[in-house]
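Take a look at the structure below.
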Amino acid sequence: MAVDVARPPVSPARAGSSRRAGLLVIGTLAAIALVVRVADPAGVAWLQNFLIIFGSLLVEAMPFVLLGAFVSAAIEVFVPTSVFANLGRLPRPLQLPAAALAGVAFPVCECGSVPVARRLAQKGLAPSAAVTFMLAAPILNPVVVASTFVAYRGRDSLWTMVLGRMALGFVVAVAVGWVVGNTRKEDLLRPRPDDDVEGEDADRPRWARFASHLTGDVMFMGRFLVMGAAIAAAVQTFVPQTLVGKVADLPILSLVAMMALAFLMSLCSESDAFVASSFTLFGPSAQLAFLVAGPMIDLKLAALYAGTYSKGFVRTVIVVVFAVTLVGTMWMQVVFG
């Protein structure tokens with residue numbers, strides 16, 4: 001006679017991982033609050049600047065992490081695996097452009113696109129296509145296009161910046177996906193405790209499964225966001241911004257400097273156009289390098305990528321994004337001056 005044994009709704013591994021992640025985020029924020037309590041930020045200029053930048057990065061990025069986690073959980077619970085399996089059978093030359101263009105329909109920032117891309121790969125989409133979507137969505141989504149238009153409205157370079165950003169962002173995202181190639185998801189995605197128990201809660205109500213995945217993704221991504229935001233705030237606080245202005249007139253170094261600045265500043269793609277347009281000493285091609293490279297790789301994203309993907313992925317993204325963006329903006333310098 002068979003005896004039914006009730007399975008726990010959440011595995012100990014998943015519960016322990018979520019608990020540790022939550023404690024890490026809470027502990028980091030508590031430590032920062034203690035520093036603020038002990039040292040008066042108003043009396044220490046560097047501390048005040050650090051806290052302003054750190055807080056603004058968290059406030060700017062966290063809503064999009066929540067949005068990305070929401071979409072990721074919805075994909076896991078409500079979208080059948082067969083949908084992505086069918087997409088994965090498309091020819092590779094069609095998968096990557098289609099994945100990049102899918103970013104038009106997803107108004108997620110770069111932080112939010114990371115958990116969505118991971119979930120897409122877990123559900124059966126080719127990892128190269130998932131990575132292509134992850135990099136293209138923060139540039140091609142309608143909110144970012146609109147913000148770029150508003151930031152450059154009234155300037156002669158308006159359409160150069162809006163269309164150039166979309167076109168070059170598309171090319172760079174597809175190039176990274178092509179380099180990722182036929183890498184299996186087991187080799188690309190960093191293992192997480194909840195990967196092995198996704199089938200355990202199949203009999204639970206959908207709302208409970210949705211809440212479980214949502215909480216797990218927010219806690220997992222939140223710890224890396226806090227770490228990346230702290231590093232970015234430290235760099236912006238202690239690295240003199242005047243160093244960048246000295247290379248504004250140098251044809252190639254100006255492009256490299258703006259990409260490096262975008263990496264260090266770690267801005268949200270939905271607001272970075274307003275910052276880029278303020279660098280009036282730099283030409284449109286250098287500003288475009290800032291707007292394309294920044295949403296694909298920066299300090300906070302490097303932390304998110306390192307926690308999501310296997311060793312070496314961050315290096316691959318940095319090399320390909322910077323190389324293709326540099327070549328594309330160099331051609332723009334030749335054509336537009």
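The values are calculated or read from the model by the stated rules, or taken from the named source; none is laboratory data. Small disclaimer: the values here were computed from a predicted structure and weren't measured. Because the Cβ atoms are built from the backbone with ideal geometry, glycine has one as well, and the counts that use them run over all protein chains shown.
Is it true that A303 is at pLDDT 85 or above, farther than 22 Å from A175 by Cβ and either among the polar types (S, T, N, Q) or not in a loop (DSSP other than H, G, I, E, B) (or both)?
On the way: at pLDDT 85 or above: yes; farther than 22 Å from A175 by Cβ: yes; either among the polar types (S, T, N, Q) or not in a loop (DSSP other than H, G, I, E, B) (or both): yes.
Spelling it out, A303 is indeed at pLDDT 85 or above, farther than 22 Å from A175 by Cβ and either among the polar types (S, T, N, Q) or not in a loop (DSSP other than H, G, I, E, B) (or both).
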Mind listing just one residue for me: the one in segment 158-189 that is out of contact with any Phe, Trp or Tyr (no Cβ under 8 Å at 6 or more places or on another chain) and within 16 Å of G283 (Cβ to Cβ) and, of those, surrounded by the most Cβ atoms within 10 Å (Cβ to Cβ)? R165
What are the residues in segment 93-118 that are surrounded by fewer than 24 Cβ atoms within 10 Å (Cβ to Cβ), farther than 21 Å from V59 by Cα and among the hydrophobic types (A, V, I, L, M, F, W, C), if any? L94, A98, L101, A102, V104, A105
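Quick grid of which residues meet (1) crowded, with 20+ Cβ neighbours inside 10 Å; (2) touching a His at 6+ places or on another chain (Cβ under 8 Å); (3) at pLDDT 75 or above:
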residue	(1), (2), (3)
M227	yes, no, no
A232	yes, no, no
F238	no, no, yes
Q241	no, no, no
M258	yes, no, yes
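Condition check ((1) in contact with a strand residue (DSSP E or B) (Cβ under 6 Å, 6 or more places away or on another chain); (2) more than 20 Å from V150 (Cβ to Cβ); (3) not hydrophobic (A, V, I, L, M, F, W, C)) across all residues:
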position	(1), (2), (3)
E270	no, no, yes
L288	no, no, no
A323	no, yes, no
Q333	no, yes, yes
Go through A100, A105, A73 for me and flag whichever is small (G, A, S), within 26 Å of K300 (Cα to Cα) and modelled with pLDDT of 85 or more. A100
Condition first: within 18 Å of the chain's Cα centre (by Cα), assigned to a helix (DSSP H, G or I), modelled with pLDDT under 85 and closer than 30 Å to A151 by Cα. Can you find one or more residues in segment 165-179 that meet it? no
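When you check G312 against the structure, is it closer than 30 Å to E186 by Cα, at pLDDT below 90 and of a type outside the set (K, R), yes or no? Break it down into steps so the answer makes sense when it comes.
Values: closer than 30 Å to E186 by Cα: yes; at pLDDT below 90: yes; of a type outside the set (K, R): yes.
Yes.
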